[in-house]
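Shown next, in structure tokens, is the structure this report addresses.
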Amino acid sequence: MLRKVILSVFALFLLFSCSGDSDNGEESIEINLPSISTITASSITSTSVEVGGDVTNDGGGTVTARGIAWGLTPNPTISGNKTTNGTGEGGFSATLSGLDRATQYYFRAYATNSKGVAYGNEMTFTTNMSLAVLSTKEVTDITESSAISGGVISDDGGTDIISKGICWGTNANPTIEDDITEDGQGSDEFVSELSGLSPNTAYFVRAYVVNSEGVSYGDEITFTTNPELASLTTKEVTELGQISAISGGEVTANGGAEVTVRGICWSTDPNPTVDDSNVAKGAGLGEYEITMMELVPDTQYYVRAYATNAAGTSYGQEISFTTLEVSTVYDGDVVLLTQQEVDDFGSNNFLEITGSLTIGDNTGIISDITNLDALSSLETLGNYLAIYNNDQLENLNGLSGITSIGGDLLVGMNDLFTEIDGLSNITTIGGALEIYSNDLLQNIQGISNVTSLGGGAIIRRNEALISLEGFPDLTEINGNITIQENAITDLIGLQNLRSVVGDFSISNEVMLQDLAAIQNLESIQGYFGITGTAIAEINGFNSLTSVSGQLRIAQNSQITSIQGFSILATSGGVQITNNDLLVSISGFDLLTKITGDLSLNINGSLSTISALNGLTIVEGNISFSSNSFADIGFLNNLTLVDGNVFIANSSTLISLSGLEILEQIGGGLTISNTQIDSILDGLAGLITVGGSISIKDNTDLLSVGFVNLANVLGDIQISNNTSLNDYCELQAFLVNGGLGGTFNATGNAYNPTAQNIIDGNCSN
């Protein structure tokens with residue numbers, strides 16, 4: 001009964017309470033499930049994905065949890081896999097990781113409030129395949145050019161293997177862009193061979209696999225190839241003798257390792273090795289040469305070059321040779337620097353040396369040779385004979401058996417020779433003859449029996465040599481001939497000389513006073529120079545028809561006249577200069593053309609020239625300076641100069657007469673520091689100047705008289721002619737526009753411009 005009363009009272013309480021609320025105008029709130037949408041998956045990989053959702057309405061109650069539910073079957077719920085990504089309304093994102101590759105997943109967003117759990121729309125995604133996983137096999141079977149490696153595939157990445165192999169290079173982390181092998185498809189373990197490698201080289205290698213997801217690499221392994229044997233060749237055998245020969249080798253490649261020793265080995269059996277006779281010489285790359293000694297005469301030998309590196313010993317090609325029989329012929333060149341060497345070589349009693357024979361040293365090393373008696377058996381030399389720097393050797397008597405020399409004969413810097421009679425049986429010299437700097441040598445009669453000389457002749461700096469008597473009785477010298485700085489007074493010894501096929505130079509012979517011995521010369525195919533002598537007169541040479549080079553007569557302090565050269569028809573140039581006492585020049589009657597220069601300079605006494613009257617053409621330059629002649633009448637037939645004309649520093653020159661028919665100068669014209677008063681008396685016929693005209697420092701010059709001048713390709717410079725006041729002879733030339741350059745007059749008595757002259761203001 002009591003329970004019923006209590007229930008009735010409670011019911012009345014509730015009734016009155018509700019009635020009270022209604023009276024206040026308030027209603028109770030209804031809670032609904034939240035509204036949520038699922039966002040499409042992105043950034044899909046083989047093990048992860050980006051997903052998300054958007055809570056657009058909380059359903060009237062607070063969203064206490066939100067996230068993504070996912071699984072392998074449709075309609076995943078929060079009782080399975082889920083993420084928790086905050087609370088409340090709005091968008092959110094989540095990362096699902098640890099997924100299986102190549103697998104389809106279902107997912108949907110969820111949101112929870114007091115009403116319960118709401119789910120968004122369901123979506124799906126499929127994870128990607130992955131790169132394969134593999135390891136690189138150790139490198140084995142390493143040689144100088146190959147090795148073996150491979151790979152083990154532990155995971156194919158969920159897709160087929162497209163290709164596999166190994167890649168390698170000399171830099172770390174090689175890729176398939178470097179050298180590779182291609183070892184098929186499939187996930188089986190594979191073995192690969194690396195080939196074409198360089199010896200003794202460090203390489204990096206990795207296995208690789210390609211599937212649809214890309215390229216994956218195994219771990220990197222390094223290895224170094226073995227060196228290979230060195231490469232080399234054997235040199236041909238030379239200087240073959242009875243008991244010796246020379247060979248050698250050339251190491252062209254070291255095989256990738258240092259060549260520690262190289263040499264040659266030889267034997268009387270084929271394929272000699274380093275266990276046979278051998279000589280080592282040096283290390284590394286390059287050429288080398290070795291003499292094999294203590295051989296047996298008339299015996300066949302086999303020789304090979306060898307080289308040793310870390311890979312072993314390699315050999316060049318085999319060469320066979322046979323030593324000479326005991327013979328009277330020495331094949332090769334011989335150099336004897338000591339008395340012992342002279343005696344040892346002489347003990348072989350050779351009759352012939354096929355090469356050259358050098359006695360002494362021409363680099364300045366003084367020998368101790370005192371006699372050549374041991375060489376008395378020698379008769380023939382195939383090449384030159386050179387006798388140098390023997391300051392204890394008094395004569396050449398030991399060479400008296402020699403009759404023929406195939407090359408040059410050179411005798412120089414032997415301090416004790418007074419004669420060279422030991423050479424008196426030589427009849428043939430195939431090359432040139434040179435005798436020089438033998439301080440006590442007085443005569444050269446020891447070569448008087450030479451009848452054939454193949455080259456030129458040089459006799460110089462023999463301070464005691466007073467005569468050329470004994471010079472070979474030759475009519476022609478097939479090269480240059482030089483006579484220089486001896487003590488000769490004449491040229492007796494050259495009296496039969498007709499032709500020089502080269503230069504003929506006589507210089508600094510301060511005792512030479514007579515040229516009569518060479519008056520029979522007919523032709524010189526090079527330069528002909530007479531300089532630095534004590535000759536008082538040069539006359540004759542009336543057989544000389546041709547000097548192809550320059551004829552130079554210079555620095556002869558005693559010469560007073562030059563005469564002759566009456567039939568000289570061709571000359572490469574004439575230079576007569578620095579002859580202080582020279583007064584006159586005559587002759588040269590047939591010389592019509594000079595192909596070089598014509599120079600008469602610094603002959604302070606030269607006043608009379610009755611030569612060169614037939615000269616019409618000078619193809620080089622003309623230079624007259626510091627002489628004493630008054631005019632140039634000796635060139636009265638000259639019509640053409642291809643080079644420059646230079647007339648200067650002649651205080652006695654008062655007229656240019658002699659150049660009246662000169663029409664053309666190919667170069668420039670200079671007239672300087674003379675005493676001429678007019679140009680008209682000499683150059684009135686001049687028409688063309690290919691260069692510039694310079695007229696300066698002529699104190700007596702009154703007028704410029706180029707009446708026929710038509711063309712000047714360069715400038716006209718007229719300066720410091722203190723009496724010059726008349727330029728009217730140039731008016732027609734300037735009016736007609738014949739000047740290619742500029743006109744300039746300064747420092748003269750009158751200095752008009754070109755326009756002044758054209759306008760008629762040409763004199764003052």
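Every number here is computed from the coordinates shown, using simple stated rules; none is lab data. What you see is a predicted model; the values in this text were computed from it and never measured. A quick note on method: Cβ atoms are made from the backbone with ideal geometry, for glycine too, and the neighbour counts reach across all protein chains shown.
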So, with +1 on the Cβ of K and R and -1 on the Cβ of D and E, and no other charges, what is the size of the charge dipole of segment 231-322 about its Cα centre, to the nearest 20 debye?
-> 220 debye
Rounded D (µm²/s) - segment 133-224, Kirkwood Rh over Cα pairs, Stokes-Einstein at 20 °C, 1.002 mPa s = 166 µm²/s
Quick calc: nm separation of the 7 Å Cα→Cβ label points for N121 and T475 -> 12.7 nm
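Rounded to two decimals, what ratio of Rg to Rh does segment 465-567 give with C-alpha atoms and a Kirkwood Rh? It would help to have the intermediate numbers written out before the result.
Working: Rg = 12.4 Å, Rh = 13.5 Å.
So for segment 465-567, dividing Rg by the Kirkwood Rh gives 0.92.
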Would you please give the FRET efficiency between D219 and E318, computed as 1/(1 + (r/R0)^6) with r the Cβ-Cβ distance and R0 = 60 Å, to the nearest 0.05?
-> 0.75
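Which net charge results when you count Lys and Arg as +1 and Asp and Glu as -1 among the other residues whose beta-carbon is under 13 Å from that of A487? Could the numbers behind the result be given before it?
Numbers: positive: R460, R461; negative: D439, E463, E485, D490, E509.
Residues close to A487 contribute a combined charge of -3.
What relative contact order, as a whole-number percentage, does segment 630-764 give when Cα pairs under 8 Å and 6 or more residues apart are counted?
Details: 396 pairs, mean separation 23.8, N = 135.
Computed over segment 630-764, the figure is 18 percent.
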What relative contact order, as a whole-number percentage, does segment 133-224 give when Cα pairs under 8 Å and 6 or more residues apart are counted?
-> 36 percent
Want the number for S79 to D276: 0.36 nm per residue separation, take away the alpha-carbon distance, what's left?
-> 61.7 nm
Rounded FRET efficiency, nearest 0.05, which uses the C-beta distance separating E663 from A516 and R0 of 56 Å | 0.85
Given a Förster distance of 45 Å, the FRET efficiency implied by the Cβ-Cβ spacing of T140 and D391, rounded to the nearest 0.05, works out to 0.05
Under the Kirkwood approximation for Rh and a Cα-based Rg, what ratio Rg/Rh is obtained for segment 327-455?
-> 0.92
Alpha-carbon Rg with Dmax, taken over the chain, Å = 55.5, 186
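Say a site is exposed when it is one of the trypsin sites (Lys or Arg not before Pro), sits in a DSSP loop, and has at most 15 other Cβ atoms within 10 Å; what is then the longest site-free stretch of the chain?
On the way: sites that count: K115, K281, R498.
Here the longest segment lacking exposed loop sites spans 499-764.
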Taking the Cα atoms only, what angle lies between the long axis of helix 2-24 and the longest principal axis of the chain, rounded to 10 degrees?
-> 50 degrees
Excluding same-chain residues fewer than 8 positions from K115, which lysines have a Cα within less than 25 Å of its Cα?
-> K82
Extension gain (nm, one decimal) between T652 and L416, 0.36 nm per residue minus Cα-Cα = 79.6 nm
How high is the relative contact order of the chain, in percent, counting Cα pairs under 8 Å that sit 6 or more residues apart?
-> 4 percent
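Nearest 20 debye, what's the magnitude of the dipole of segment 664-752 about its Cα centre given +1 on Lys and Arg Cβ and -1 on Asp and Glu Cβ? Can you show the working numbers first?
Values: 1 positive and 7 negative charges, 46 e Å.
So the magnitude is around 220 debye.
Give me the extension gain from A569 to T592: residue separation times 0.36 nm, minus the current Cα-Cα distance, reported in nm with one decimal. Working shown, then result.
On the way: separation 23, 0.36 × 23 = 8.28 nm, distance 0.67 nm.
The A569-T592 span can extend by a further 7.6 nm.
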Compute the Rg/Rh shape ratio of segment 459-506: radius of gyration over Kirkwood radius, all on alpha-carbon atoms.
-> 0.95
Amide H partners (placed H, <5 Å) of V117, local residues excluded = none
Proximal lysines to K281, defined as alpha-carbon separation beneath 24 angstrom and excluding residues fewer than eight positions away on the same chain | K235
Using all Cα-Cα distances in segment 35-126, what percent lands in each 10 angstrom bin from 0 up to the longest?
-> 19, 54, 23, 5, 0
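Could you give the dipole magnitude of the chain about its Cα centre, charging the beta-carbon of Lys and Arg +1 and that of Asp and Glu -1, in debye to the nearest 20?
Values: 20 positive and 87 negative charges, 615 e Å.
Roughly 2960 debye for the chain.
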Could you tell me the distance between the Cα centroids of segment 436-480 and segment 520-553, to the nearest Å?
-> 19 Å
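Looking only at Cα atoms, what is the convex hull volume of segment 588-677 per residue, in Å³? Mind dumping the intermediate values first?
Details: hull volume 7.0 nm³, N = 90.
Dividing the Cα hull volume of segment 588-677 by its residues yields 78 Å³.
Taking loop as defined by DSSP and a crowding limit of 15 other beta carbons within 10 Å, which GluC sites (Glu not before Pro) in segment 316-396 fit? List each step's numbers first, then the result.
Details: sites: E318, E325, E341, E352, E379, E394; in loops: E318, E325, E379, E394.
Here the sparse-neighbourhood loop sites are E318, E325, E379, E394.
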